[in-house]
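> Pasting a structure here, questions to come.
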């Protein structure tokens, strides 16, 4: 199979199921944000991280691919063989977040992202995740988007924030707190 089909040369693309939509369609914009997030998760995985984190990130990438497959499907012709995202996937993220937070100092203010490349990549992925969540929410206002996708993206952004904090702690990187100046 060739990687190029030339079918998108006129600004249209096909959803799974056959419906053609413009490349600027909200569904494609949402899909692009999830795709960008999948790539950033790979960038985080390519850094020096422990095996447990790597395995978690692989599972997250797999779940995001599931989200992408669902988002890329023609809502009027969704295939029955689509993968599913489940509540358990959200609960697993919550459990990981809870376990990481137990080992972190309480957070009393916003923190300024940075201090280390890996920590910064986690924060960038978090902001991409929030954008993907906003786009999925916007798309859901006019088209079918399973609620579990929005819920998963919401929890994933929380995970990425806590992962950044945990990595900062592991590497003894100072968290700079933002102080409101009135």
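Bear in mind these aren't lab numbers, they're just calculated from the coordinates by the rules spelled out. What you see is a predicted model; the values in this text were computed from it and never measured. Here the Cβ is made from the backbone with ideal geometry for all residues, glycine too, and neighbour counts use every protein chain on show.
> For helix 26-45, report the angle its Cα long axis makes with the longest principal axis of the Cα atoms of the chain; keep it between 0 and 90° and round to the nearest 10°.
Rounded to the nearest ten degrees, it is 40.
> Comparing 35, 81, 53, which has the greatest mean-square fluctuation in the GNM of the chain with Cα pairs linked when under 10 Å apart?
81
> If you wrap the chain's Cα atoms in a convex hull and average its projection over all directions, what's the area in nm²? Don't jump to the answer; show the numbers that get you there.
Working: hull surface 52.9 nm².
Its average projected convex-hull area is 13.2 nm².
> Using Cβ counts within 10 Å as a stand-in for footprinting exposure, how do 13, 30 rank, fewest first?
Working: 13 18, 30 28.
Fewest to most other Cβ atoms nearby, the residues stand as 13, 30.
> Considering the convex hull of the alpha carbon atoms of the stretch 98-179, report its projected area averaged over all viewing directions, in nm², one decimal.
Numbers: hull surface 24.0 nm².
Mean orientational projected area (the stretch 98-179, Cα hull): 6.0 nm².
> What do you get for the angle between helix 117-140 and the principal long axis of the chain? Use alpha-carbon atoms, 0 to 90 degrees, nearest ten.
40 degrees
> A follow-up question, please. Cα axis of helix 147-170 to longest principal axis of the chain: angle in degrees, 0 to 90, nearest 10?
30 degrees
> Pick from 142, 36, 133 the residue whose mean-square fluctuation is largest in a GNM of the chain, springs joining Cα atoms under 10 Å.
142
> Here's another thing I want to ask about it. Among 51, 84, 138, which one moves the most in a GNM of the chain with springs linking Cα atoms closer than 10 Å?
Ranking 51, 84, 138 by mean-square fluctuation puts 51 first.
> Largest first and to the nearest Å, give the Cα extent of the stretch 59-128 along each principal axis.
Principal-axis extents of the Cα atoms in the stretch 59-128, largest first: 47, 23, 19 Å.
> Now, a different point. For Cα pairs less than 8 Å apart in space and 6+ apart in sequence, what is the mean separation divided by the residue count of the chain, i.e. the relative contact order in percent? Write out the running numbers ahead of the final one.
On the way: 192 pairs, mean separation 47.6, N = 182.
Answer for the chain is 26 percent.
> Provide 145, 21 in ascending order of the number of other Cβ atoms located within 10 Å of each residue's Cβ, fewest first. List each step's numbers first, then the result.
Values: 145 22, 21 14.
In increasing order of surrounding Cβ atoms, one gets 21, 145.
> Going by how many other Cβ atoms sit within 10 Å of their own, how do 59, 181, 26 line up, fewest first? Let's see the in-between values first.
Values: 59 14, 181 4, 26 17.
Ascending number of Cβ neighbours within 10 Å: 181, 59, 26.
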